[in-house]
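Engineer: If you scroll down you'll find the structure; I have some questions about it.
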Amino acid sequence: MANATWFVYSLLSLVSWGFWGFFGKVASRSISGEGLVLISNIGWAATFPILFSVYRAHLRPSFDGGDWVWAVLSGAVGSLGVLFFYFALERGEATRVVAITAAYPLVTAVCAYFLLGEGFSVQKLIGLGFALIGIFFLSR
């Protein structure tokens, strides 16, 4: 790995989302899925000023192209995903819910293949196949 920073960030994301799922499951003992979405956004709002002040120099807003629309769509479907995730945690076991929802790269990979022209290597196909097998076993 010549430039492993993507991998380090991936691991940090993995750990962060792992705690996110755990904390959400604990909170779902007494808070509804709808409430979790609203209340958990307090945490996001609290970190936003810090993130903005640290990373604002890297912001390059450009409204010339349509990529800002994709950014807004990303936020919108991400919010829906969080809502459905909390609904699932409220009703199911954290080990199953988190593992199944963590297979979202299947959707990303298919979209990237058909819409962005990204290729599938044998390794990627095997990894995606294992994800599908995992969903099958966890849903039983």
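Engineer: Report the label-to-label distance for VAL110 and GLU34 in nanometres (one decimal), using points 7 Å from each Cα along the Cα→Cβ vector.
Structural biologist: So the two model labels end up 3.0 nm from each other.
Engineer: Okay, next question. Relative contact order for the chain using alpha-carbon pairs under 8 Å, separation at least 6, rounded to a whole percent? Before the final figure, lay out the partial values.
Structural biologist: On the way: 53 pairs, mean separation 41.9, N = 140.
It comes to 30 percent, rounded to a whole number.
Engineer: Note down the nm distance, to one decimal, between modelled labels 7 Å out along Cα→Cβ at VAL8 and at SER74.
Structural biologist: Once both label points are built, they end up 2.1 nm from each other.
Engineer: Taking a ≥ b ≥ c as the square roots of the eigenvalues of the Cα gyration tensor of the chain, is the shape rounded (a/c under 1.5), prolate (a/b larger than b/c) or oblate?
Structural biologist: Values: a/c = 1.66, a/b = 1.03, b/c = 1.60.
Oblate is the answer for the chain, as a/c is 1.5 or above yet b/c matches or exceeds a/b.
Engineer: Report, in whole Å, the centroid distance computed from the Cα atoms of region 7-67 and region 70-140.
Structural biologist: 18
Engineer: Still on this structure, please answer the following. Explain nothing, just the number: dipole magnitude of region 39-140 about its Cα centre with +1 on each Lys and Arg Cβ and -1 on each Asp and Glu Cβ, in debye rounded to the nearest 20.
Structural biologist: Using only the charged Cβ atoms, the result is roughly 200 debye.
Each value in this text was obtained by applying a stated rule to the coordinates, not by laboratory testing. All figures in this text were calculated on a predicted structure; none of them were measured in a lab. Note that we place each Cβ from the backbone using ideal geometry, even for glycine, and neighbour counts take in every protein chain shown.
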